[in-house]
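Peer 1: Okay, here's the structure, questions in a sec.
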Amino acid sequence: MNASPQKQEPFVLPIISHARGVYVYDQDGQEYLDGCSGAVNVNVGHGVPEILDRMREQMDKACFAYRTQFRSDPLIRLTQQLVELAPGDLSHVEYCNSGSEAIEMTLRLATLRNAQAYRPFKCTVLTEEPSYHGMTSGALGASGHPLRRRHLTPLLANQVTVSRVRPKHGALRASTQDWEEAIHRIGPANLSAVIIEPVGGASSGAVPTAPETMRRLRELADEHQFLLIADEVMTGLGRTGRWFGCDHADVTPDVMVLGKGISAGYATISALMVSDAVVNELGQPLNTVLFGHTMAGNPLAAAAGLAVVDYLRAHEVPAQARHTGEYLRRKLDLLRSRHPIVSDVRGVGMQLALGLHPDPARFPGRCLDLTEAAREEGLLIYPAGVTPALESVLVTPALTASHEELDELTRRLDRALSRISSSPAVEEQA
Ligand code: PMP
């Protein structure tokens, strides 16, 4: 989340010196425990030797190869790994550099698919409010994130009609019925795609989509031939305790968009994984219809991605995240019981958040205050939530964090919570 309109004082960022595991150090010697994995992407911590060695090896061979001139061994092997891990028939992979670019490319794919089939009326993309899909104009246009869209309306894609489904009756995310009503309102024949975050991130603060909603959307997509697009930029590759967020609902989307988790912060790479059925419909390979980006899928980023995925497999990191997530959740529940400012603990696996009772006088307020207080305690957390009801902080450390590190994280968070409210931290209570 960007700085709120209320918080205008200039904040000078510290200069990073180095980082190891879950700890980051600045040039003034201050240590930070990274409780949100950067932007929920440094999933296996900093400085993992197995990953750095493989990157160094590739650097010596070739850092760059242009995607229309060469393939590369790490890219071929990364693709094989992703296809093996992904659900169903998602066997076609295109690479980009960021989550936003991959969402943007997916929007192009949805548009091209209907153009080729002479379905010009099938052009509405339905997303959720709250949601976040990226900062490029198509992706931001599709995002249900008013704060990030603010003042940018003239720039946002206006060729695609975006419609948004909103949760009703005080719920935090849209229900199956909300989605069905929205689809009915638009007219399913006009629908090009539905984009959904299986577990929310910055927009809702880790509120999950109900598995039955995912399954119903799958049925409706089949019935009415719109694409079901899962935005797994934050959830993909182990964050939720399964390989992919969709796995919790046993649903295979038509397109799955991956980002952060692929390279876990070691390089710049993202991907869209597309089903056989969609590629068959297109009648030609993806790379002949989707124009791409200069650096996309470069060998160095691919080597980083491959090393990360190998590491995740070798150490069974998604299963580890499931157990670690249970441990962390118990610790966060304790904080909730001690600090009335915490409304709830939510999320799946290691995609967790503390919901905060909003400050009636200003929004966003509490999540920024808590993030600042945590920083003063040497802890990094991520402010989230697009409405007062969703105000929260993401607590999403590396999937590989040890229990001792999570204990330390919770101690610092405890102290930060008592800084912004009157409830004492445990040490003060003792
Ligand atoms: N989708 C989701 C669900 C995300 O969490 C993000 C990043 N926070 C994006 C898309 C955009 O990814 P990027 O910042 O890499 O462009």
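Peer 1: Considering every residue within segment 386-405, establish whether at least one is surrounded by fewer than 24 Cβ atoms within 10 Å (Cβ to Cβ), among the aliphatic types (A, V, I, L, M) and touching a strand residue (DSSP E or B) at 6+ places or on another chain (Cβ under 6 Å).
Peer 2: Within segment 386-405, not a single residue is surrounded by fewer than 24 Cβ atoms within 10 Å (Cβ to Cβ), among the aliphatic types (A, V, I, L, M) and touching a strand residue (DSSP E or B) at 6+ places or on another chain (Cβ under 6 Å).
Peer 1: Take the residues in segment 161-177 that are under 23 Å from residue 218 (Cβ atoms) and over 23 Å from the mean Cα position of the chain (by Cα), then tell me which one is surrounded by the most Cβ atoms within 10 Å (Cβ to Cβ).
Peer 2: Going residue by residue through segment 161-177, those that are under 23 Å from residue 218 (Cβ atoms) are 161-168, 171-177.
Narrowing further to those that are over 23 Å from the mean Cα position of the chain (by Cα): 161, 168, 177.
Details: 161: 15, 168: 11, 177: 12.
Only one residue tops the list, namely 161.
Peer 1: Considering only residues that are more than 13 Å from the ligand (Cβ to nearest atom) and of a type in the set (A, V, I, L, M), which ones fall in segment 197-236?
Peer 2: 210, 214, 217, 220, 221, 227, 228
Peer 1: Further, regarding this structure: For segment 88-113, which residues satisfy the criterion of being hydrophobic (A, V, I, L, M, F, W, C) and surrounded by 20 or more Cβ atoms within 10 Å (Cβ to Cβ)?
Peer 2: Correct list: 90, 93, 96, 102, 103, 105, 107, 109, 110.
Peer 1: Specify the residue that is nearest to the ligand (Cβ to nearest atom); the eligible residues are those in segment 95-147 that are more than 17 Å from the chain's Cα centre (by Cα), charged (D, E, K, R) and part of a loop (DSSP other than H, G, I, E, B).
Peer 2: Once the filter is applied, the top-ranked residue is 122.
Peer 1: Can you tell me which residues in segment 134-174 are within 16 Å of residue 390 (Cα to Cα), among the small types (Gly, Ala, Ser) and free of Cβ contacts under 8 Å to residues at least 40 places away in the same chain?
Peer 2: Correct list: 171 only.
Peer 1: Given the criteria without any contact (Cβ under 8 Å) to a residue 60 or more places away in the chain and either touching a Pro at 6+ places or on another chain (Cβ under 8 Å) or not assigned by TED's automatic domain parsing to the domain that holds residue 218 (or both), does residue 115 qualify?
Peer 2: On the way: without any contact (Cβ under 8 Å) to a residue 60 or more places away in the chain: yes; either touching a Pro at 6+ places or on another chain (Cβ under 8 Å) or not assigned by TED's automatic domain parsing to the domain that holds residue 218 (or both): no.
Considered against the rule, which asks whether it is without any contact (Cβ under 8 Å) to a residue 60 or more places away in the chain and either touching a Pro at 6+ places or on another chain (Cβ under 8 Å) or not assigned by TED's automatic domain parsing to the domain that holds residue 218 (or both), residue 115 comes out as no.
Peer 1: Among the candidates 206, 264, 193, 202, which residue alone is under 23 Å from residue 393 (Cα atoms), in contact with a Phe, Trp or Tyr (Cβ under 6 Å, 6 or more places away or on another chain), buried (at least 20 other Cβ atoms within 10 Å of the Cβ) and not acidic (Asp, Glu)?
Peer 2: Only one candidate qualifies: 202.
Peer 1: Does residue 368 qualify as being out of contact with any Phe, Trp or Tyr (no Cβ under 9 Å at 6 or more places or on another chain) and assigned to a helix (DSSP H, G or I)? It would help to see each step written out before you state the result.
Peer 2: Working: out of contact with any Phe, Trp or Tyr (no Cβ under 9 Å at 6 or more places or on another chain): yes; assigned to a helix (DSSP H, G or I): yes.
Taking the combined requirement at face value, the residue satisfies it.
The values are calculated or read from the model by the stated rules, or taken from the named source; none is laboratory data. Computed from a predicted model, the values in this text were never measured in an experiment. A quick note on method: Cβ atoms are made from the backbone with ideal geometry, for glycine too, and the neighbour counts reach across all protein chains shown.
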